[in-house]
Amino acid sequence: MAKSFFHNKVAVISVAIIVIIALMAIFAPFLTPYDVARQDLLSRLKAPGTEHLLGTDELGRDVFARMLYGTRVSLLIAVIPTALAVVLGMIMGIISAYYGKIADMIIMWLADVTLAFPGMLLAMAIMYTFGGSFISVLISIIMMEWGSIARIVRSVTMTIVENEYIQAARTMGVRKIVIVVKHILPNLVPTLIVLFTLNVPSSILSESALSFLGIRIQPPDVSLGLMVNQSKALLFQKPWLALAPSAMIMILVLAFNYLGDALRDILDPKTKY
């Protein structure tokens, strides 16, 4: 698998871009001397230059510094709830497929209920109910994603369960939990990896869309979506305010999407990429 990964240029380039951006976000305090929340009204709306690499906003805050810190928050909002949604979807999908009957009916009904609502509408309802906070965004994204993940995991698990070695283990009296841990989970790992990488960009876009609509993490915290929202009034007069965070969102989404596609090709033995 490692050899196939390094032979896939798309995967390598995508990982490199994601790692570089993540390191920039993590080490933001060392890359910029400016405080993300510090206001300097005498330096407001300065164009990009040597003093301020990407200019300043309407309150004199450095756009480059805010973009780095905003990338950190956006990545956390994308990665953490997506990972939790994958774990929840995996558990529900396995229970639904392997234990079947009543468990399958209840879990798939819950998944259908969440999928019946438009994702953004469901997220807006949760955000309005619990307020604009990191926890609210986390819950929103988990609720938007777990249902589709559970359905995919259920489908894959049902295919795995039909294999002869699973039937043999059942005949020998091996406990269900042992079969799940030793035989089903290892076969699900490639699917879960692909699901994670393909759902991260949708989480980034969901957070950005919610922030753009005004349902967002509250200042002084900053995210890429919040930066776009705050700069929309000056889009044509001071375009760098919106273009910088928008470009970062686009790069992250494309990198994760291309990585997910490449991993799907690598992990699928039937695919000749």
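Just so it is clear, none of the values below were taken in a lab; they were calculated from the coordinates. What you see is a predicted model, and the numbers here were worked out from it, not measured in a lab. Positions of Cβ are backbone-derived with ideal geometry, glycine not excepted, and every protein chain shown enters the neighbour counts.
For Lys176 and Arg44, calculate 0.36 nm times their separation in residues minus their Cα-Cα distance, and state this gained length in nm to one decimal.
Length gained, Lys176 through Arg44: 41.2 nm.
Histogrammed with a bin width of 5 Å, the alpha carbon distances of region 145-196 distribute as 4, 19, 29, 23, 14, 8, 3, 0 percent, first bin at zero. Region 230-250 and region 131-200 have Cα centres spaced 39 Å apart. In order along region 247-256, the Karplus-derived 3J(HN,Hα) couplings, from 6.51 cos²θ - 1.76 cosθ + 1.60 at θ = phi - 60°, round to 5, 5, 4, 4, 5, 5, 5, 5, 4, 5 Hz, and Gly and Pro are given as x. Note on region 2-267: Kirkwood hydrodynamic radius from all Cα pairs is 20.4 Å, rounded to one decimal.
Can you work out the FRET efficiency for the pair His7 and Gln167, with r the C-beta to C-beta distance and R0 = 41 Å, to the nearest 0.05? Walk me through the numbers before you get to the answer.
Details: r = 36 Å, r/R0 = 0.88.
Efficiency at R0 = 41 Å is approximately 0.70.
Taking 22 Å as R0, compute the FRET efficiency from the Cβ-Cβ separation of Asp221 and Asn257 and round it to 0.05. It would help to have the intermediate numbers written out before the result.
Numbers: r = 26 Å, r/R0 = 1.20.
That gives a FRET efficiency of 0.25.
Residues within the reach of a label modelled at Val79 (point 7 angstrom out along Cα to beta-carbon, backbone nitrogen below 18 Å), restricted to region 31-67, are 31, 67.
With the simple spin-label model, which puts each label point 7 Å out from Cα in the Cβ direction, the Gln237 to Asp265 separation comes to 4.7 nm.
Let's test the formula: R0 of 30 Å, r as the Cβ-Cβ distance of Phe117 and Val87. What FRET efficiency results, to the nearest 0.05? That gives a FRET efficiency of 0.85. Values of log10 I(q)/I(0) for region 58-120 across q = 0.18 Å⁻¹ run -0.77, by the Debye formula with one identical scatterer at each alpha carbon and no solvent. Net charge dipole, the chain: roughly 460 debye, given to the nearest 20, about the Cα centre with Cβ charges of +1 for Lys and Arg and -1 for Asp and Glu. Ordering Leu192, Val222, Ile177 by Cα displacement along the dipole of region 148-234 toward the positive end leaves Ile177 in first place; charges were set at the Cβ atoms of Lys, Arg (+1) and Asp, Glu (-1). Farthest towards the positive end of the charge dipole of region 2-267, among the residues Leu41, Met67, Ala242, is the Cα of Met67, using unit charges on the Cβ of Lys, Arg, Asp and Glu.
To make sure I understand, if each residue's beta carbon is the centre and we count other beta carbons within 10 Å, what order do Glu58, Glu51, Glu207, Glu145 fall in, fewest to most?
On the way: Glu58 15, Glu51 11, Glu207 28, Glu145 24.
Arranged by neighbour count, lowest to highest, Glu58, Glu51, Glu207, Glu145 become Glu51, Glu58, Glu145, Glu207.
Toward the positive end of the charge dipole of the chain, about the Cα centre and with charges on Cβ (Lys, Arg +1; Asp, Glu -1), which of Thr32, Val113, Thr129 goes farthest? Value computed over the given set: Val113.
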